[in-house]
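*Asks:* After the structure tokens below, expect a handful of questions from me.
The values are calculated or read from the model by the stated rules, or taken from the named source; none is laboratory data. As the structure is a computational prediction, the values presented were derived from the model and not from experiment. Cβ: placed from backbone, ideal geometry, glycine included. Neighbour counts: every protein chain shown.
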Amino acid sequence: MKNLFFFGCLFCLLGCKSVVKNPLSDIESMQLKTSYVDLNANKVDLTVYKGKRIVVSYWATWCGPCLKEMPGLKIAEDILRNYNYTFLLISDETVAQITEFKKVKNYDFNFLKSTESNEILGIYSLPTSYIFDEKGNIVETIVGVIDWDSEEIINKLKIL
């Protein structure tokens, strides 16, 4: 009887196929938490950037540290364009505020607006940046200001 029970269980275990769903990438999970719009109020799906390395920087127009790192961020963006990087600067402020900032500061970043507040997204310090690999997974999280255009950071990003 024990043998029959053992072989019955073994048969069920080996005969049953389990369906394993592919887990969502970090960028897909991020997209589920909020939606994003460009400065023309067009909805932006972040998953279209899969296949690229992405630097997502959460910032605000009133954030002094965010403004301090922007020149270096722009230089890094220009250098890393040839390394399949896309830079997205995301704020929870209004499209009008972001547009005015872009016009006054003359920064040509890909600015987006998040429809949820930073706090709801778990972002409590600005700037906060995430670096995603080509599969859409976070490979680095940076909280606070860094020298984006430093040789150390550029070389690190090139090999991530």
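*Asks:* Could you list, in sequence order, all residues of the range 41-79 that are without any contact (Cβ under 8 Å) to a residue 40 or more places away in the chain and under 18 Å from Lys113 (Cα atoms)?
*Replies:* Within the range 41-79, Asn42, Lys43, Asp45, Val48, Trp62, Leu67, Met70 meet the criteria.
*Asks:* Can you tell me which residue within the range 24-46, out of those that are part of a helix (DSSP H, G or I) and loosely packed, with under 13 Cβ neighbours inside 10 Å, is modelled with the highest pLDDT?
*Replies:* For the range 24-46, the residue satisfying everything is Lys33.
*Asks:* Which of the residues that make up the range 116-151 are without any contact (Cβ under 8 Å) to a residue 60 or more places away in the chain and not charged (D, E, K, R)?
*Replies:* Matches in the range 116-151: Ser117, Gly122, Tyr124, Ser125, Val139, Thr141, Ile142, Val143.
*Asks:* When you scan the range 80-105, how many residues do you find that are without any contact (Cβ under 8 Å) to a residue 60 or more places away in the chain and over 16 Å from Pro127 (Cβ atoms)?
*Replies:* So the count comes out to 11.
*Asks:* May I pose another question? What single numbered condition from (1) over 26 Å from Glu152 (Cα atoms); (2) over 19 Å from the mean Cα position of the chain (by Cα) fails to hold for Ser117?
*Replies:* Status for Ser117: all satisfied but (2).
*Asks:* Residues that are surrounded by fewer than 16 Cβ atoms within 10 Å (Cβ to Cβ) and not small (Gly, Ala, Ser): list the strands (runs of 3 or more DSSP E) wholly contained in the range 56-160 that include at least 1 such residues.
*Replies:* It comes to 110-114, 138-143.
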